[in-house]
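Asks: My structure is below; once you've seen it, I'll send some questions.
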């Protein structure tokens with residue numbers, strides 16, 4: 001079991017907006033979908049593009065370079081050329097702060 005680290009204010013992670021944070025040396029993409037906040041590794045497993053610069057489409061983020069897709073809830077690769085999942089992080093909101101388990 002990891003440790004939770006504060007990465008943002010919940011009010012700053014608004015629905016449909018993409019955000020990248022760094023926590024414990026890892027780049028993490030934050031997504032808000034409705035009232036839930038999700039966190040996955042920011043680097044595409046195909047060629048390393050920043051997913052936080054991609055296009056959010058429902059529960060999927062599309063890589064800005066080659067249009068691979070990942071599920072923001074699970075990290076699973078859902079469309080080639082991406083074949084390998086990105087890491088998924090547990091998220092909690094505590095006293096208005098977004099915290100990620102690393």
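Asks: Considering only region 44-55, I want to know if a residue exists there that is free of Cβ contacts under 8 Å to residues at least 60 places away in the same chain, surrounded by 20 or more Cβ atoms within 10 Å (Cβ to Cβ), on the phi < 0 side of the Ramachandran plot and not in a loop (DSSP other than H, G, I, E, B).
Replies: Checking region 44-55: at least one residue is free of Cβ contacts under 8 Å to residues at least 60 places away in the same chain, surrounded by 20 or more Cβ atoms within 10 Å (Cβ to Cβ), on the phi < 0 side of the Ramachandran plot and not in a loop (DSSP other than H, G, I, E, B).
Asks: Determine whether region 3-18 contains at least one residue that is surrounded by 15 or more Cβ atoms within 10 Å (Cβ to Cβ), within 9 Å of the chain's Cα centre (by Cα) and either on the phi < 0 side of the Ramachandran plot or outside any loop (DSSP other than H, G, I, E, B) (or both).
Replies: The answer is yes, given that some residue of region 3-18 is surrounded by 15 or more Cβ atoms within 10 Å (Cβ to Cβ), within 9 Å of the chain's Cα centre (by Cα) and either on the phi < 0 side of the Ramachandran plot or outside any loop (DSSP other than H, G, I, E, B) (or both).
Asks: Taking residue 28 as the residue in question, decide whether it is closer than 16 Å to residue 101 by Cβ, under 9 Å from the mean Cα position of the chain (by Cα) and touching a residue at least 12 places away in the same chain (Cβ under 8 Å).
Replies: Here the answer is yes, as residue 28 does meet what is asked.
Asks: Just name the residue that is modelled with the highest pLDDT out of those in region 86-102 that are surrounded by 15 or more Cβ atoms within 10 Å (Cβ to Cβ) and in a loop (DSSP other than H, G, I, E, B).
Replies: 86
Asks: Ok, one more. Any chance you could count how many residues in region 24-42 are part of a strand (DSSP E or B) and either buried (at least 20 other Cβ atoms within 10 Å of the Cβ) or in contact with a helix residue (DSSP H, G or I) (Cβ under 7 Å, 6 or more places away or on another chain) (or both)?
Replies: Qualifying residue count for the region: 9.
Asks: If you don't mind, another one. Between residues in region 69-87 that are without any contact (Cβ under 8 Å) to a residue 40 or more places away in the chain and on the phi > 0 side of the Ramachandran plot and residues that are assigned to a strand (DSSP E or B) and buried (at least 21 other Cβ atoms within 10 Å of the Cβ), which pairs lie under 6 Å by C-beta distance while being six or more apart or on different chains?
Replies: Close Cβ pairs satisfying both conditions: 75/40.
Asks: If you don't mind, there's one more thing I want to ask. Tell me which residues, restricted to region 45-56, are over 15 Å from residue 19 (Cα atoms) and in contact with a strand residue (DSSP E or B) (Cβ under 9 Å, 6 or more places away or on another chain).
Replies: 45, 46
Asks: Further question: Considering every residue within region 56-69, establish whether at least one is in a strand (DSSP E or B) and modelled with pLDDT under 95.
Replies: Checked against the condition, which is being in a strand (DSSP E or B) and modelled with pLDDT under 95, region 56-69 yields at least one hit.
The values are calculated or read from the model by the stated rules, or taken from the named source; none is laboratory data. A quick note: this is a predicted structure, and the numbers were derived from the prediction, not measured. Reconstructed Cβ throughout: ideal geometry from the backbone, glycine too, with neighbour counts over all protein chains shown.
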